[in-house]
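What follows is a single structure, written as structure tokens, with notes after it.
Derivation of every value follows stated rules applied to the coordinates shown; laboratory data play no part. Quick caveat, the model's predicted, so the values are computed rather than measured. Reconstructed Cβ throughout: ideal geometry from the backbone, glycine too, with neighbour counts over all protein chains shown.
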């Protein structure tokens with residue numbers, strides 16, 4: 001008798017859709033309890049699924065790149081084998097013909113070996129992008145696309161035809177261009193689906209205000225040494241989060257969610273902050289219940305999330321429960337970004353542009369004066385099903401007042 005343990009996709013996941021990213025154990029490999037087996041990736045977080053029991057990885061049901069629906073079977077672990085009442089140690093499944101179980105054979109997953117046979121490519125000759133340099137199915141797909149391009153470029157121009165993604169559709173550009181293929185990561189594909197879902201679901205409307213950061217800079221310059229003594233980095237984003245709380249108190253509907261028969265307004269303000277991960281995409285870790293936090297507490301929570309995000313240490317719990325999102329796109333240089341796509345199922349998202357010195361007119365003792373101030377464009381993009389212009393503008397008005405009137 002052989003007993004198996006099924007490894008399932010978690011029923012609860014953070015993100016719109018999960019994709020199998022990379023298998024960390026190979027078919028036939030021994031696994032111990034809680035050994036990491038496979039990485040799942042959503043548009044928000046990458047998580048490792050661990051072995052629920054010790055045994056042998058007997059069957060991989062979902063190959064790298066497959067969509068992982070909640071509750072679906074990822075793999076099966078052979079626990080034990082017994083005959084005539086005797087227990088035997090787990091045995092690895094037989095290797096496919098021609099494989100010896102050496103480094104050159106068993107380090108490739110079934111999906112990779114299958115792709116190698118289909119594409120006529122030796123996986124050993126492909127540079128892997130998975131953990132510890134493992135070759136993934138996406139690596140094989142990218143290698144095949146490159147192989148096709150090379151073969152096509154080497155053909156005489158008289159017989160060369162442009163490649164179209166759909167054989168039934170003529171290529172729009174009949175001119176051959178030099179290019180190379182970059183395979184989409186599961187995170188990029190998940191982000192694409194999530195963004196498309198958002199703009200398809202919600203009518204986006206954006207309002208743009210201007211904020212003077214003079215008061216914030218003055219307070220930060222005076223306070224950052226004391227914060228640093230407590231190990232806290234006092235960033236401008238901490239002030240922005242605190243100003244969001246003030247604005248939510250004035251217009252609580254912004255901190256809500258649209259339903260077909262009602263608007264759900266949340267009592268807790270759980271603010272997510274977009275964090276870029278380079279070419280991989282971005283994640284949105286959440287600071288929960290910021291309405292109860294001081295500026296120091298906000299800065300400390302933000303610092304912790306930022307450090308763990310850069311180190312790849314965020315968990316799905318860090319991404320869960322957001323009711324409002326901030327996109328601090330100005331850190332990469334942009335002044336205005338509109339519309340910033342709403343993080344569904346939320347109703348609004350704040351955009352903060354690059355802070356720069358600009359010439360502005362200020363009235364002093366009844367006289368208009370020209371001054372140089374540190375200015376930033378701030379935008380609020382709303383779901384127009386749930387909110388209207390007067391709520392949007394009222395929220396931004398209070399948000400700017402909180403920043404510009406920060407007490408010294």
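From least to most packed, judged by other beta carbons within 10 angstrom and beginning with the fewest, 350, 79, 24 follow the order 79, 24, 350. Relative contact order of the range 202-404, taken over Cα pairs closer than 8 Å and 6 or more residues apart, is 32 percent. Most tightly packed first, judged by the mean number of other beta-carbon atoms within 10 Å of their residues, the peptides 203-216, 236-249 read 236-249, 203-216. Relative to 2.2 N^0.38 Å, what does the C-alpha radius of gyration of the range 274-408 come to as a ratio? Two decimals please. That ratio works out to 1.21.
Ordering 222, 354 by the number of other Cβ atoms within 10 Å of each residue's own Cβ, fewest first, gives 222, 354.
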